[in-house]
Amino acid sequence: MTDRSVYLDHAATTAVDPRVVDAMLPYFTEKYGNPSSIYSLGREAHRALEQSREQVAAILGADKREIIFTSGGTESDNTAIKGVAWWNRLKSKGNHIITTPIEHHAVLHSVEYLQRFGFEVTYVPVDRDGVVDPGDVEKAIRPDTCLISIMYANNEVGTIEPIAEIGEVAIRRHVPFHTDAVQAAGYLPLDVNKLNVDMMSLSAHKFYGPKGVGILYVRRGTPILYQQSGGAQEGKRRAGTENVAAAVGLATALTISHDNLEAEVQHASRLRDRLIAGIEERIEHAHLNGPRTNRLPNNVNFCFEFVEGESMLLNLDMAGIAASSGSACTSASLEPSHVLKAMQVPIEIAHGSLRMSVGRENTEEDIDYVLNTLPGIVLRLREMSPLRAGQESWGSGDSHTEHTHQE
Ligand code: PLP
């Protein structure tokens with residue numbers, strides 16, 4: 001065990017910025033009114049909520065009435081996808097949804113749920129870097145296509161998708177377009193008009209805001225049937241007493257991220273590139289997953305041959321380093337990551353994946369500590385590994401174009 005601790009799992013969640021905590025605190029104590037109440041305590045809460053909505057809308061280039069506060073990315077994805085599907089079912093219209101195999105489970109499980117009710121789903125393939133081709137999206141569109149849902153940036157491998165181009169296709173073919181921008185926020189521009197999206201999901205805890213609050217942007221006129229019944233909150237689109245403190249926290253965190261976007265991108269990409277270069281220099285049979293350029297500034301994801309992701313995580317944890325295997329292994333399932341599978345990374349190699357996502361508080365010393373620790377761990381695990389014996393290495397380790405196909 002060590003006293004040193006290096007948090008490299010910002011794609012999982014981030015610490016709440018102290019300025020965000022300060023902005024939220026009064027709404028738990030002296031400003032605790034219900035925004036629906038008509039006396040001044042309620043009106044004060046209502047004002048804070050609407051001000052937060054305006055702040056978010058300005059950053060997204062949206063109208064404030066197009067912003068719905070939700071409980072996070074998962075709810076936003078569910079609301080968008082099921083909402084459009086159920087509107088179409090109600091009107092006996094489109095029955096077909098287009099998405100990709102590399103989406104977050106909040107999207108994948110939502111479309112799987114809809115399949116049980118007869119909706120049909122096309123998964124547009126990705127290339128070996130995880131990139132979707134807008135031409136393939138266009139080819140997948142059918143007369144009964146009612147929704148396209150494609151993520152802005154991938155949470156495991158950091159691939160940035162050509163959202164504006166896919167949006168052009170969607171506009172031309174009159175199909176509503178949703179993007180899960182949960183991982184993009186804080187690093188990529190979020191202007192919904194430049195991105196050509198009709199719906200967009202965000203989650204505050206990925207950009208130094210609190211957990212349990214998100215945004216669903218819904219362009220005016222988007223055909224959608226909202227699911228949550230009850231009071232008239234959020235313009236009758238999401239019933240339930242609003243979480244004012246969380247909304248204030250989200251708006252504050254998004255504003256801070258937006259105001260410092262360039263510096264954040266520079267800081268994260270410098271650390272990311274140092275980590276990637278260091279790993280490639282010090283560890284053989286290491287394969288970078290996802291694109292070398294056009295990837296999220298905070299994302300590093302490698303497959304290490306002849307090692308098991310979970311064992312690496314446990315060893316890193318003992319050295320004070322928090323990372324992620326980027327696969328479903330933690331849930332006791334031995335399935336490798338669906339994202340790596342879709343990128344045609346061979347199954348036995350996909351089991352040795354490691355995601356490290358840097359953030360605001362990380363330093364070059366943190367990265368150097370990881371670079372001094374990780375090679376020893378990989379070496380030790382390889383020496384003990386039954387995977388090693390009699391196995392060929394997968395390519396020369398320097399390029400994704402050398403991947404062999406997996407049957
Ligand atoms: N979508 C993506 C791409 C994510 O990375 C996550 C969180 O990991 C979610 C959705 C779910 O967001 P939340 O944790 O706010 O429900």
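Laboratory data are not the source of any read-out in this text; all were calculated from the coordinates shown. The model shown is predicted, which means the values in this text are computed figures rather than measured ones. So basically every Cβ, Gly included, is an ideal-geometry build from the backbone, and we count neighbours across all protein chains shown.
Amide hydrogen proximity for residue 121: with H placed 1.01 Å from N in the peptide plane, the residues at 5 or more positions away or on another chain lying under 5 Å are 97.
If a/c stays under 1.5 just call it rounded; otherwise compare a/b with b/c (prolate if a/b is bigger, oblate if not). Do that for the range 1-137, with a ≥ b ≥ c from the square roots of the Cα gyration tensor eigenvalues. Let's see the in-between values first.
On the way: a/c = 2.53, a/b = 1.36, b/c = 1.86.
Because a/c hits 1.5 or more and a/b fails to exceed b/c, the range 1-137 counts as oblate.
Any chance you could run the full-extension gain for residue 112 through residue 314? It's 0.36 nm times the residue separation minus the Cα-Cα distance, nm to one decimal. Show your work: numbers first, answer last.
On the way: separation 202, 0.36 × 202 = 72.72 nm, distance 3.26 nm.
Taking 0.36 nm per residue and subtracting the Cα distance, the gain is 69.5 nm.
Anisotropy class assigned to the range 186-233 is oblate, per the alpha carbon gyration tensor with a/c at or over the 1.5 cut-off and a/b no larger than b/c. Taking a ≥ b ≥ c as the square roots of the eigenvalues of the alpha-carbon gyration tensor, the range 18-259 is classed prolate because a/c is 1.5 or more and a/b outweighs b/c.
Database remark: amide H of residue 159 closer than 5 angstrom to the amide H of 154, 296 (H placed geometrically; neighbours at sequence offset of 5 or more, or on other chains; Pro and chain starts carry no H). Estimated from the Cβ-Cβ distance and a Förster radius of 45 angstrom, the FRET efficiency linking residue 266 and residue 92 is about 0.30.
Can you pull out the trypsin sites (Lys or Arg not before Pro) in the range 178-267 that DSSP calls coil and that have at most 16 other Cβ atoms within 10 Å?
Hits after loop and neighbour filter: 211, 220.
Of the trypsin sites (Lys or Arg not before Pro) found in the range 59-166, those in coil by DSSP whose Cβ has at most 12 other Cβ atoms within 10 Å are 91, 93, 116. Subtracting the Cα-Cα distance of residue 51 and residue 172 from 0.36 nm times their residue separation leaves 40.1 nm of extension gain.
How big is the dipole moment of the chain about its Cα centre under a simple scheme where the beta carbon of each Lys and Arg is +1, that of each Asp and Glu is -1, and everything else is neutral? Debye, nearest 20, please.
Rounded to the nearest 20 debye, it is 1720 debye.
In this label model, residue 361 and residue 348 are separated by 4.1 nm, measuring between points 7 Å along each Cα→Cβ vector.
Could you work out the relative contact order of the chain, using alpha carbon pairs under 8 angstrom and six or more residues apart, expressed as a whole percent? Walk me through the intermediate numbers first.
Values: 821 pairs, mean separation 86.3, N = 407.
Reported relative contact order: 21 percent.
Full extension of the chain between residue 63 and residue 164 yields a length gain of 34.4 nm, computed as 0.36 nm times the residue separation minus the alpha carbon distance. Over the chain, all Cα pairs binned in 10 Å intervals from 0 give whole-percent P(r) values of 5, 22, 30, 25, 14, 4, 1, 0, listed from short to long. Cross-link pairs exceeding 24 Å in C-alpha to C-alpha distance, out of 93/139; 31/211; 64/236; 194/341, comprise 194/341.
Mean residue ellipticity at 222 nm, helices only, the chain: -12000 deg cm²/dmol; runs of at least 4 DSSP H residues each add -39,500 (n - 2.57), and the sum is divided by the number of residues. Here the calculated FRET efficiency for residue 379 and residue 40, from their Cβ-Cβ distance with R0 = 60 Å, stands at 0.35, rounded to the nearest 0.05.
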